[in-house]
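**Student:** Have a look at this one before I ask anything.
Every number here is computed from the coordinates shown, using simple stated rules; none is lab data. Remember, it's a predicted structure, so these values are computed and weren't measured experimentally. Here the Cβ positions follow ideal geometry from the backbone for every residue, glycine too, while neighbour counts run over all protein chains shown.
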Amino acid sequence: AQASAGTAEDRLTIPAAATEEYTVTFDVVVKSGSVVAYEVENMTATIKGYQIKMGCAYNFIAEITPENLDLKAIEFDAPLVEAWDYAHGDDEHQAAVGEYVYDLAGLQAKIDAAPVGTTTICLGTDIVGDVTVLQKEGVNLIIEGNGYKYDGVITVNGDARAAGKETLTFQNIAFEATEAKTFISAPSKINNRYNYSHNVTVKDCTFTGNWANGVEVGGISLTGTYNAVVDGCVATGMHSLAQFQSCDNDVLVNDVTVTASKNGVSFGNTARPVLRNATIEAECYGVRADGNASRGALVVENTTITAAQGIVVRKVT
């Protein structure tokens with residue numbers, strides 16, 4: 001880059017032949033804006049080959065290059081990084097590789113535009129508002145929170161395809177709200193069609209509600225979902241961590257912690273419900289399920305429950 005010109009003080013000299021030589025001493029200061037990047041004191045240069053005539057003025061301009069300063073060129077070689085966020089290196093928010101969004105409209109747009117294959121959509125900031133995920137054939141989605149807060153409702157639309165093979169994963173999202181809502185919702189019907197959401201995983205997310213003030217904030221509510229996993233999640237101050245109703249194939253809740261909440265986990269008429277490696281502290285029930293033998297046994301393993309009703313089995317058949 002070309003530096004701005006600098007001018008030393010004027011000097012008067014007597015006429016001289018071109019064979020004369022002049023030694024000039026000066027300092028070099030290289031700046032980036034107002035910051036000094038490099039500085040060299042008492043550099044010298046020789047001026048020769050110029051005849052100095054009476055009554056004439058001469059302007060000598062020095063071109064200073066990295067070689068003059070004994071600087072070597074710096075070369076960079078880096079692999080392609082598809083996503084680099086300002087949060088990278090932050091202890092709280094670790095940047096992931098994927099397509100970044102910074103507002104609600106951007107999140108919905110990325111969800112809608114996801115192509116066939118697997119797409120990771122990363123939150124680059126806290127987001128407030130509601131979005132809908134339509135499960136399209138062959139489109140696998142990962143919503144990566146990077147630990148940022150999400151205050152809104154995510155509605156899962158299974159497109160009435162119970163046998164769909166595509167997957168939907170929510171991970172590392174800090175769901176947080178003070179008003180009543182359910183963060184992840186898959187209702188029984190959407191647009192008068194059975195929803196049949198499928199292959200939904202919620203992993204390493206936190207859910208923070210306002211149960212201390214009696215506000216009903218739900219974490220996950222899945223109805224008629226085929227294959228559901230909740231893993232490594234923490235719920236605090238919630239109505240419940242998860243409510244499963246008439247879900248099929250496999251429903252697994254593993255390695256979760258529920259504290260200072262109204263309830264823990266509910267499996268309503270759900271096939272093969274499993275709760276493992278959990279700690280639940282709730283005011284009302286810890287685990288609730290329907291006793292329908294044809295749907296498969298309720299399995300609770302390696303779990304500690306502190307609640308008014310530890311395990312509630314209803315509608316025993």
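**Student:** Residue by residue through the stretch 114-131, which ³J(HN,Hα) values in whole Hz follow from phi under the Karplus form 6.51 cos²θ - 1.76 cosθ + 1.60 (θ = phi - 60°), with glycine and proline marked x?
**Tutor:** My calculation for the stretch 114-131 gives 4, x, 4, x, 10, 10, 9, 10, 10, 6, x, 6, 5, 10, 10, x, 9, 9 Hz in order.
**Student:** Grab the other residues whose beta carbon is less than 12 angstrom from that of residue 290, score K and R as +1, D and E as -1, and report the net.
**Tutor:** That sum, taken over residues with Cβ under 12 Å, equals +4.
**Student:** Which value in nm describes the separation of the simple spin-label points at residue 46 and residue 25, placed 7 Å from the Cα toward the beta carbon?
**Tutor:** Roughly 1.7 nm, to one decimal.
**Student:** What does the highest-first list of 197-205, 113-121 look like by mean Cβ count within 10 Å?
**Tutor:** Order by mean packing, descending: 197-205, 113-121.
**Student:** Can you give the extra length, in nm with one decimal, that the chain gains between residue 283 and residue 192 once fully stretched, where that is 0.36 nm per residue apart less the Cα-Cα distance?
**Tutor:** Contour length minus the Cα-Cα distance gives 29.2 nm.
**Student:** Where a ≥ b ≥ c are the square roots of the eigenvalues of the C-alpha gyration tensor, would you call the stretch 166-259 rounded, which needs a/c under 1.5, or, failing that, prolate if a/b is larger than b/c, or oblate?
**Tutor:** Taking the square roots of the gyration eigenvalues as a ≥ b ≥ c, the stretch 166-259 is oblate.
**Student:** Given the peptides 45-52, 216-223, arrange them by the average over their residues of other C-beta atoms within 10 Å, most packed first.
**Tutor:** So the peptides 45-52, 216-223, ranked by packing, come out 216-223, 45-52.
**Student:** Go through 190-196, 14-20, 252-258 and give me the packing order, highest mean Cβ count within 10 Å leading.
**Tutor:** Packing order, densest peptide first, comes out as 252-258, 190-196, 14-20.
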